[in-house]
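**Student:** One structure, as structure tokens, below. Some questions next.
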Amino acid sequence: MPAYRFRSEKYVSRGFKDLAISFNANPSTGDFGVVKNENAIKQSVRNLILTMFGERPFQPSIGSRVKMLLFEPWDPFAVDTIKSEIFNVIKRLEPRVRCTGVGLRDESDINSVHISIDYTIVGQQEVQNIDFLLEKA
């Protein structure tokens, strides 16, 4: 969610804030930790991909099928389906970003899939990237 707006003659910049998913307390204030701007968006995108439908109370339409699709046979059809699911969940649930690319790499030796997502924040030109491993467990 936009926390504040700064308008200049040349550009519009938005700031975003969210609670840190670790829920660690801030040592100086004792409040929950906060993530800001690019890190808040990275956390949000990652959480949307890792959330399954029905997992959030009272919000059954938020989530993706990515975790379920990990157990399908690893073939080009499964790879395309997972990529499409990631594109769709970002387009549907994260209006602050535009997904520009998704990369998947099978890590069979450690029973996981490496996911790499390229995206741009709306109103900015710089391409951001999220990399994480998703375990088949």
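The values are calculated or read from the model by the stated rules, or taken from the named source; none is laboratory data. Computed from a prediction, not measured in an experiment: that's the story for all the values here. Glycine gets a Cβ as well: all are built from the backbone with ideal geometry, and neighbour counts include every protein chain shown.
**Student:** Residues in the range 120-137 that are part of a loop (DSSP other than H, G, I, E, B), in contact (Cβ under 8 Å) with a residue 40 or more places away in the chain and under 15 Å from residue 65 (Cα atoms): how many?
**Tutor:** Within the range 120-137, residues that are part of a loop (DSSP other than H, G, I, E, B), in contact (Cβ under 8 Å) with a residue 40 or more places away in the chain and under 15 Å from residue 65 (Cα atoms) number 1.
**Student:** Also: Take the residues in the range 47-66 that are among the charged types (D, E, K, R) and modelled with pLDDT of 90 or more; name whichever of them is nearest to residue 136 (Cα to Cα). Give the steps one after another, and end with the answer.
**Tutor:** Of the range 47-66, the ones among the charged types (D, E, K, R) are 55-56, 65.
Going one step further and asking which of them are modelled with pLDDT of 90 or more, we end up with 55, 65.
On the way: 55: 18, 65: 13 Å.
Among residues in the range 47-66 that are among the charged types (D, E, K, R) and modelled with pLDDT of 90 or more, the one nearest to residue 136 (Cα to Cα) is 65.
**Student:** For the range 101-114, what are the residues that are at pLDDT below 95 and out of contact with any Lys or Arg (no Cβ under 8 Å at 6 or more places or on another chain)?
**Tutor:** Hits for the range 101-114 are 105, 106, 107, 108, 109, 110.
**Student:** Mind checking which residues of the range 36-65 are out of contact with any Ser or Thr (no Cβ under 9 Å at 6 or more places or on another chain) and touching a residue at least 12 places away in the same chain (Cβ under 8 Å)?
**Tutor:** Correct list: 36, 37, 38, 40, 41, 42, 43, 44, 45, 46, 47.
**Student:** Of 90, 41, 82, which residue is assigned to a helix (DSSP H, G or I) and under 13 Å from residue 134 (Cβ atoms)?
**Tutor:** After applying the criteria, what remains is 82.
**Student:** So if I check each of 117, 110, 82, which one is in contact (Cβ under 8 Å) with a residue 60 or more places away in the chain and not charged (D, E, K, R)?
**Tutor:** Result of the check over 117, 110, 82: 117.
**Student:** Which one of these does residue 54 not meet: (1) among the small types (Gly, Ala, Ser); (2) loosely packed, with under 13 Cβ neighbours inside 10 Å; (3) within 16 Å of residue 128 (Cα to Cα)?
**Tutor:** (3)
**Student:** Moving on to the next point. Taking the range 29-45 on its own, how many of its residues are closer than 11 Å to residue 94 by Cα and among the charged types (D, E, K, R)?
**Tutor:** Summing the residues that are closer than 11 Å to residue 94 by Cα and among the charged types (D, E, K, R) in the range 29-45 gives 1.
**Student:** Quick one: would you say residue 87 is within 11 Å of the chain's Cα centre (by Cα) and surrounded by 13 or more Cβ atoms within 10 Å (Cβ to Cβ)?
**Tutor:** Here the answer is yes, as residue 87 does meet what is asked.
**Student:** For the range 43-80, name all the residues that are of a type in the set (A, V, I, L, M) and in contact with a helix residue (DSSP H, G or I) (Cβ under 9 Å, 6 or more places away or on another chain).
**Tutor:** Correct list: 45, 48, 49, 50, 52, 62, 66, 69, 70, 78.
**Student:** Would you be able to tell me the number of residues in the range 66-79 that are in contact (Cβ under 8 Å) with a residue 40 or more places away in the chain and of a type in the set (A, V, I, L, M)?
**Tutor:** 2
**Student:** A further question follows. So residue 80 passes all but one of these: (1) closer than 19 Å to residue 122 by Cα; (2) out of contact with any Asp or Glu (no Cβ under 8 Å at 6 or more places or on another chain); (3) at pLDDT 90 or above. Which condition number does it fail?
**Tutor:** (1)
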